[in-house]
Amino acid sequence: MARPRERNVVLLGAPGSGKGTQAERIVARYGLPHISTGDMLRAAVAGGTETGREAKRYMDAGELVPDEVVIGCVRERLAEGDTGDGFLLDGFPRTIDQAERLDALLADAGRGLTHVIQLDVPEDELVERLAGRRLCRVCGKGYHVVFDPPAREGVCDVCGGELYQRADDDEATVRNRLAVYRAQTEPLVEYYRGRGILHTASGGGKLPDEVFERVTEILDGAAS
Ligand code: AMP
């Protein structure tokens, strides 16, 4: 279904499973445009757009933004010219409805997903990772206060920007986001397994480089 050479990839995993970190590496190695619905929605909130105003109350509570809103963002983004040789979807789809709508959207363009990569991390580790997560306000680079600290506390190594904690990374919201993931997003694992495009990279207790090695095996077609 997919055109040759195309890599139309979905990164699937719970909050804190390392999707953002792996996405940075995938983009650097394979040159795929990174389509993160979380980043798009945060930009809409920061920009005070209508989409942003609608999305904010769901995001603050750790709930999913309505499918219609998110699908609209993805549809527009996929229509841009840079996605012709492939793309990396990060944080989308998150519901079966979104997955079905994505399939239909791609099928209309004569395309289809080529790889779904599930980052599989035990729940205890997810909470620990999310609680220590920090992001650069300027360039968006991710850090962890224990596992991947910046050279100077609170300051980005890359651009010198200020590091901050996402509002939805507080413990109560994190627990809700994980519950939402289990209830609404985890069923996608079986959905994609049934389509024969699911690959799993175990992320528990592993360094990002080790996980990325597995990810490259998958994307280079050397692994099932
Ligand atoms: P993320 O950065 O991927 O963890 O997303 C942050 C928040 O944005 C989520 O907790 C949701 O509120 C919202 N969000 C991001 N992607 C989606 C999606 N595909 N469907 C619904 N809500 C989303």
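The values are calculated or read from the model by the stated rules, or taken from the named source; none is laboratory data. Model, not experiment: these values are computed from the prediction. Cβ coordinates were reconstructed from backbone atoms using ideal geometry, including for glycine residues, and neighbour counts include every protein chain displayed. SASA here: full protein model, heavy atoms, side chains in, ligands and nucleic acids out. Shrake-Rupley method; radii C 1.70, N 1.55, O 1.52, S 1.80 Å.
So, D39, is that one open to solvent by less than 20 Å² (accessible area, probe 1.4 Å), within 11 Å of the ligand (Cβ to nearest atom) and under 16 Å from the mean Cα position of the chain (by Cα) or not? Lay out the reasoning, then the answer.
Values: open to solvent by less than 20 Å² (accessible area, probe 1.4 Å): no; within 11 Å of the ligand (Cβ to nearest atom): yes; under 16 Å from the mean Cα position of the chain (by Cα): yes.
No, not satisfied.
Within the range 65-87, take every residue that is open to solvent by less than 40 Å² (accessible area, probe 1.4 Å) and over 22 Å from V45 (Cβ atoms) and give me the one that is nearest to the ligand (Cβ to nearest atom).
Once the filter is applied, the top-ranked residue is F87.
Restricting attention to the range 22-36, and to residues there that are away from the ligand (no atom under 11 Å from the Cβ) and surrounded by 20 or more Cβ atoms within 10 Å (Cβ to Cβ), which single residue is nearest to D103 (Cα to Cα)? Explain how you work it out, then say what you get.
Of the range 22-36, the ones away from the ligand (no atom under 11 Å from the Cβ) are 22, 24-34.
Now narrow it down to the ones that are surrounded by 20 or more Cβ atoms within 10 Å (Cβ to Cβ): 22, 26, 32.
Working: Q22: 23, I26: 22, L32: 19 Å.
By that ranking, first place goes to L32.
Give the range 201-216 a look and list any residue that's modelled with pLDDT of 90 or more and either open to solvent by 80 Å² or more (accessible area, probe 1.4 Å) or in contact with a Pro (Cβ under 6 Å, 6 or more places away or on another chain) (or both), or say none.
Result: D209, E210, E213.
Of the conditions (1) near the ligand (Cβ under 8 Å from one of its atoms); (2) closer than 26 Å to V138 by Cβ, D60 clears all except one; give me its number.
For D60, the exception is condition (1).
Mind checking which residues of the range 81-106 are assigned to a helix (DSSP H, G or I) and touching a residue at least 12 places away in the same chain (Cβ under 8 Å)?
Of everything in the range 81-106, those that are assigned to a helix (DSSP H, G or I) and touching a residue at least 12 places away in the same chain (Cβ under 8 Å) turn out to be D82, T83, I96, D97, Q98, A99, R101, L102, L105, L106.
Can you tell me which residue within the range 133-175, out of those that are within 14 Å of the ligand (Cβ to nearest atom) and more than 22 Å from A46 (Cβ to Cβ), is surrounded by the most Cβ atoms within 10 Å (Cβ to Cβ)?
Going through the qualifying residues, I end up with R175.
Could you count how many residues in the range 110-131 are touching a Leu at 6+ places or on another chain (Cβ under 8 Å) and open to solvent by 50 Å² or more (accessible area, probe 1.4 Å)?
Matching residues across the range 110-131 total 1.
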